[in-house]
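Structure record follows, encoded as structure tokens.
The values are calculated or read from the model by the stated rules, or taken from the named source; none is laboratory data. Everything numeric here is computed off the predicted structure, so don't read it as measured data. FYI the Cβ positions are ideal-geometry reconstructions off the backbone, even for glycines, and counts take in every protein chain you see.
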Amino acid sequence: MNTLDGTFTALADPTRRAIVARLALGDATVNELAEPFDMSLPAVSKHLKVLERSGLISRSRQAQFRPCHLERAALDAAADWIAENRRIWAERFDKLDRHLRDIQRASGQHGEDQDR
Amino acid sequence: MTEHPPDAGELTFTRVFDAPRDLVFRCMIEPGHLTHFWGPAGVSTPLDKISVDARPGGVFESVMVNDADGSEYRLRVIYDEVVAPERLAWTDPDTGMITTSTFTDLGESRTEVTIHQVRVPAPLRSPQAQAGFTTSLDRFAAYLSVLANNEGGTA
């Protein structure tokens, strides 16, 4: 169930990120989404298809203008992954820092450290 | 100091260590050192579950064990670059993510380590597609949390 690839692929494009940001404010039609961009409707539609495939947005089937809706769960999953990844490296580096102090103290390479 | 431009679109982590570059570099490729720090908080990496073949094409494999419930997380990556004591790069074949570690000698036994990660799913490896990664995902992550916090009002 690794949809993260698709999410990151979708978010890799600045226009698509802008669309996501716009949809965070509320649902919007293709016309409304196209407005701020100097882009044809088909070009915007193409981006919307990528976003839809990634699960980041959904589009109403019944309404005439098929408004786009941001699916927060997919966005949250991407944000969570980034945060988790950062946490792992931060904690790993905390430990490495301690380890480096320990072994340097043991080998006397650094003499006496002041802390601890 | 980095001769390579960092890969586009990276997640970046930087930390300065009070230790000479050679030593910091060795910590990242020697199981005897890795076992002391490779797992994040609350997670151990037993020495006998780390194997390192530090050369291009070689495998770096580790099993991290959650101290609380014993659950295991296996990481298996392939080295792309091993340039002691300056740079390490590996690819996770499962996700396509490339992790590059750059070691910069700051003098006076201080070393800066920068981790760049690029998530590059296979279909994205064209130059045009990579250009799309040039905006930092990190910054976007911060932005996402702002969006998430504003969530309350809109439906």
Search segment B:48-71 for residues being surrounded by fewer than 18 Cβ atoms within 10 Å (Cβ to Cβ) and within 13 Å of chain A (Cβ to nearest Cβ), and hand back the single one that is farthest from the chain's Cα centre (by Cα). B:D67
Out of segment A:26-47, which residues are outside any helix (DSSP H, G or I) and touching a helix residue (DSSP H, G or I) at 6+ places or on another chain (Cβ under 9 Å)? A:A28, A:P36, A:F37, A:M39, A:S40
On the basis of being touching a residue at least 40 places away in the same chain (Cβ under 8 Å), within 30 Å of B:G96 (Cα to Cα) and within 14 Å of chain B (Cβ to nearest Cβ), does A:L11 make the cut? yes
Unmet criterion (only one of (1) more than 10 Å from chain B (Cβ to nearest Cβ); (2) in contact with a strand residue (DSSP E or B) (Cβ under 6 Å, 6 or more places away or on another chain); (3) touching a residue at least 12 places away in the same chain (Cβ under 8 Å); (4) crowded, with 17+ Cβ neighbours inside 10 Å) for A:R59: (3)
Out of curiosity, is A:R101 within 14 Å of another protein chain (Cβ to nearest Cβ) and either under 30 Å from B:L75 (Cα atoms) or without any contact (Cβ under 8 Å) to a residue 12 or more places away in the chain (or both)? yes
Where in segment B:10-121 are there strands (runs of 3 or more DSSP E), lying fully within it, with 2 or more residues that are of a type in the set (S, T, Y)? B:11-17, B:72-83, B:97-107, B:110-119
I'd like to check something: does segment A:64-73 contain any residue that is surrounded by fewer than 13 Cβ atoms within 10 Å (Cβ to Cβ) and either touching a residue at least 40 places away in the same chain (Cβ under 8 Å) or under 22 Å from B:T95 (Cα atoms) (or both)? yes
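Hey, among B:V24, B:V77, which residue is buried (at least 17 other Cβ atoms within 10 Å of the Cβ), in contact with a Pro (Cβ under 9 Å, 6 or more places away or on another chain) and either away from chain A (no Cβ under 14 Å) or farther than 27 Å from A:Q104 by Cα (or both)?
B:V77
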Of the residues in segment A:31-43 that are among the hydrophobic types (A, V, I, L, M, F, W, C) and surrounded by fewer than 18 Cβ atoms within 10 Å (Cβ to Cβ), the one that is modelled with the lowest pLDDT is A:F37
